[in-house]
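Input: a single structure, listed below in structure tokens.
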Amino acid sequence: MSEETPPKPQIIEAFHGYNPPFDAAKIVRRMLRVVPPQFLHGLNSIVLTNVAALSRQERERRTRGRDRRVTLGEARGYYSHAWKGEPARITILVDNFEKRFGRSWLRVGIVRDLDFSELLFHELGHHIHRLHRPEYEGRENVADKWSKRLSTRYLRSRYWYLIPLIVPLSLLFDLGKGIAGKYRSIRAKT
């Protein structure tokens, strides 16, 4: 007897007059490989789209963000839980994601993967929180925890060869911040 693994969510590309600077569906498939299959159960699809492909009603619909309510047209992504026969799905607005860094930076693999994994796994964190592991804490905080946990897992599996460089680079970064702080305090006194 073999156990059946739950089906992976369908990845749907629905762009209207927009070509992303990278293969978003391929990246999502690669990122989902590190997610334990039980956490994907109940998630029907991941929709990759742009703002122009949303209806006016969808663009103007408001959702809760961390600090304020935002329209879906301003968001980089959102999670829609199963409701009235509609299955759960994650929608990523790739053009809004692109606005954060610019088209050229998103061609650099590690830069793109750092930010895209944070976004995708944050929205997946909402799904995990709602269906699989509810916690009595703020929804955004729980989604951020899952994002950090799954992003770290993905980045370690994808960029394992950079791990030996992280400690020395973080020490240099901290040293540079300390020197810059001292420099600013000296300049402020003069």
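The values are calculated or read from the model by the stated rules, or taken from the named source; none is laboratory data. The model shown is predicted, which means the values in this text are computed figures rather than measured ones. Cβ placement follows ideal geometry from the backbone for every residue including glycine, while neighbour counts extend to all protein chains displayed.
Evaluate region 92-114: report whether one residue or more is of a type in the set (S, T, N, Q), out of contact with any Asp or Glu (no Cβ under 8 Å at 6 or more places or on another chain) and in a helix (DSSP H, G or I). Write out each step before concluding.
First pass over region 92-114, keeping only residues of a type in the set (S, T, N, Q): 96, 104.
With out of contact with any Asp or Glu (no Cβ under 8 Å at 6 or more places or on another chain) added as a condition, the list becomes 104.
Cutting the leftovers down to in a helix (DSSP H, G or I) gives us none.
For region 92-114, residues of a type in the set (S, T, N, Q), out of contact with any Asp or Glu (no Cβ under 8 Å at 6 or more places or on another chain) and in a helix (DSSP H, G or I): absent.
For region 115-149, give me each residue that is of a type in the set (Phe, Trp, Tyr) and in a helix (DSSP H, G or I). Even if it seems obvious, please write down each step before you answer.
Start the filter on region 115-149 by keeping residues that are of a type in the set (Phe, Trp, Tyr), which leaves 116, 121, 136, 146.
Of everything in region 115-149, those that are of a type in the set (Phe, Trp, Tyr) and in a helix (DSSP H, G or I) turn out to be Phe116, Phe121, Trp146.
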(message) Looking at (1) in a helix (DSSP H, G or I); (2) among the small types (Gly, Ala, Ser); (3) in contact with a Gly (Cβ under 8 Å, 6 or more places away or on another chain), which one does Ala75 not meet, given that it meets all the others?
(response) (1)
(message) Looking at the structure I just gave you, is Asp67 at pLDDT 75 or above and more than 19 Å from Ser45 (Cβ to Cβ)?
(response) no
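Within the group Arg76, Arg59, Arg69, which residue is more than 25 Å from Leu155 (Cβ to Cβ), in contact with a Leu (Cβ under 9 Å, 6 or more places away or on another chain) and of a type in the set (Lys, Arg)? Talk me through it step by step, then tell me what you get.
Working: Arg76 fails: more than 25 Å from Leu155 (Cβ to Cβ); Arg69 fails: in contact with a Leu (Cβ under 9 Å, 6 or more places away or on another chain).
Of the residues listed, the single one that is more than 25 Å from Leu155 (Cβ to Cβ), in contact with a Leu (Cβ under 9 Å, 6 or more places away or on another chain) and of a type in the set (Lys, Arg) is Arg59.
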(message) Within region 115-144, take every residue that is hydrophobic (A, V, I, L, M, F, W, C) and more than 21 Å from Asn19 (Cα to Cα) and give me the one that is modelled with the lowest pLDDT.
(response) Leu131
(message) Which pairs turn up if I take residues in region 27-54 that are small (Gly, Ala, Ser) and look for partners that are part of a helix (DSSP H, G or I) with beta carbon separation below 6 Å, at least 6 apart in sequence or on another chain?
(response) Gly42/Leu131
(message) If I filter region 19-31 for residues that are of a type in the set (S, T, N, Q), at pLDDT below 90, in a loop (DSSP other than H, G, I, E, B) and more than 20 Å from Trp146 (Cβ to Cβ), do I get at least one hit?
(response) yes
(message) Just the residues that are under 16 Å from Asp23 (Cβ atoms) and touching a helix residue (DSSP H, G or I) at 6+ places or on another chain (Cβ under 9 Å), please, taken from region 95-104.
(response) Asp95, Phe97, Glu98
(message) List the residue pairs whose Cβ atoms are under 6 Å apart, where the first residue sits in region 107-123 and is within 15 Å of Arg33 (Cα to Cα), the second is aromatic (Phe, Trp, Tyr) and buried (at least 17 other Cβ atoms within 10 Å of the Cβ), and the two are 6 or more positions apart or on different chains.
(response) Ser117/Tyr154
(message) The conditions are (1) touching a Leu at 6+ places or on another chain (Cβ under 9 Å); (2) closer than 28 Å to Trp160 by Cβ; (3) buried (at least 19 other Cβ atoms within 10 Å of the Cβ), and Leu106 fails exactly one of them. Which is it?
(response) (1)
(request) Confirm whether Ala82 is aliphatic (A, V, I, L, M) and over 25 Å from His129 (Cβ atoms). (result) no
